[in-house]
1. Tell me, rounded to the nearest percent, the portion of alpha carbon pairs in the chain spaced more than 27 Å apart.
2. When the chain is modelled as a GNM with alpha-carbon springs shorter than 10 Å, which of Trp228, Trp261, Trp166 fluctuates the most?
3. When a/c reaches 1.5 or more, the comparison of a/b and b/c decides; with that in mind, is the range 185-313 rounded, prolate or oblate per its Cα gyration tensor?
4. Excluding Asn217 itself, what net charge comes from residues whose Cβ is under 10 Å from its Cβ, given Lys and Arg +1 and Asp and Glu -1?
5. With the alpha-carbon atoms as the only input, what is the per residue convex hull volume for the range 201-244 in Å³?
6. Could you rank the peptides 57-69, 210-222 by their average count of other C-beta atoms within 10 Å per residue, with the highest value first?
7. Can you give me the long-range amide H partners of Ser79? Hydrogens built in the peptide plane at 1.01 Å from N, cutoff under 5 Å, separation of 5 or more residues or another chain.
8. Work from the charge dipole of the chain (Cβ charges, +1 for Lys and Arg, -1 for Asp and Glu, about the Cα centre) and give the residue of Val42, Thr304, Val105 farthest towards its positive end.
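The values are calculated or read from the model by the stated rules, or taken from the named source; none is laboratory data. Quick caveat, the model's predicted, so the values are computed rather than measured. In this analysis, Cβ positions are derived from the backbone assuming ideal geometry, glycine residues included, and neighbour counts consider all displayed protein chains. Note: areas computed on protein heavy atoms with side chains; ligands, DNA, RNA excluded. Shrake-Rupley method; radii C 1.70, N 1.55, O 1.52, S 1.80 Å.
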Amino acid sequence: CVLVLCWFYIFPGYRLPRDREIVEEVLRQGEVWQKNQTGIDVYRKLLTECCDPRRMFAVTKENSPMGKVLWYDGEFYHSHTVNNETYPLFVKGNPLQLPLKKCAVVGNGGILRHSKCGQDIDQADFIMRCNLPPLSKEYVVDVGTRSHLVTANPSIIEKRFQNLLWSRKVFVDSMKVYGSSYIYMPAFSMKPGTDPSLRAYYALADTSSNLTMLFANPEFLRTVGKFWKARGVHAKRLSTGLFLVSLALGLCEEVTAYGFWPFSVGLDEQPVSHHYYDNILPYKWFHAMPEEFVQLWHLHKSGTLRMRVGRCP
Ligand code: CDP
């Protein structure tokens, strides 16, 4: 209650729309979407000025030479100084062939279930996914099969793969579904995440996997966080999906987002699960997904990116 009062004190007149109001607003807009090249150019310029995604999205030998201090973006006063152990693990420079043309950013929202968007997603030139999502047979028709960049939170390594202390084969085998993607890990966001990330790197490298590990640059994550904070997203940390959309807006000619729907009812007013594969809810005050959705919907309406929130044709 105190938090709510503070909110209205700091942002008088601001009220986040209720789930039902958002559903009504989305239904009013319908599937109408018109690409707006000026909007796309403006956003790319804004993101380039604040965050320089081309140069900074990953930790590279170019932006993080030996001795460089990487400040963890998810914690105060913790840093890692690039050393003999970590420097050789970084890619030389940005490995992506830029500009990327049509990009699909796939969130994990339950709205994807029964969406039949798999084919649509798979037609994109560059496909980004969040948090090593399941791509098994039962989901293919809704989420597709291809990926080019997949994020992996160190906490997944810890929980799903017992920190890779004795289950490296299970990990490497389960990664095969991502083909020859980049695995994008925030290794320098929280101190306890560094070791599991390095172990994941070695597990893939030791098996000559087709996947390439990219460590998210904490400076990039911090500047993207600030960018959205200035636009009204007030969360302890941005969701993985919004980081990826920001990256895509900076690197791609056209962006379509799927699976972004942090609400418990769908457009048909039926219940929607949180994820397309389960209904485990996030920790409440950590992300601000509904606020993020409002921003993304604004970009959809202005033709800067396209949000698919219904079924695909
Ligand atoms: O790790 P995080 O909680 O950020 O993400 P997730 O639950 O694995 O889902 C991936 C991304 O999809 C999120 O970061 C959100 O941006 C988006 N998402 C959404 O918009 N609506 C949902 N119901 C679930 C996820």
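1. Values: 20864 of 48828 pairs.
Here the tail beyond 27 Å accounts for 43 percent of pairs.
2. In the Gaussian network model the winner is Trp166.
3. Numbers: a/c = 1.64, a/b = 1.52, b/c = 1.08.
Here the range 185-313 falls in the prolate category.
4. Numbers: positive: Arg55, Arg222; negative: Asp52, Asp73, Glu219.
Taking every other residue near Asn217 into account, the sum is -1.
5. Details: hull volume 3.7 nm³, N = 44.
Value for the range 201-244: 85 Å³ per residue.
6. Numbers: 57-69: 17.2, 210-222: 21.3.
Highest mean packing first, the order is 210-222, 57-69.
7. Tyr72
8. Val42
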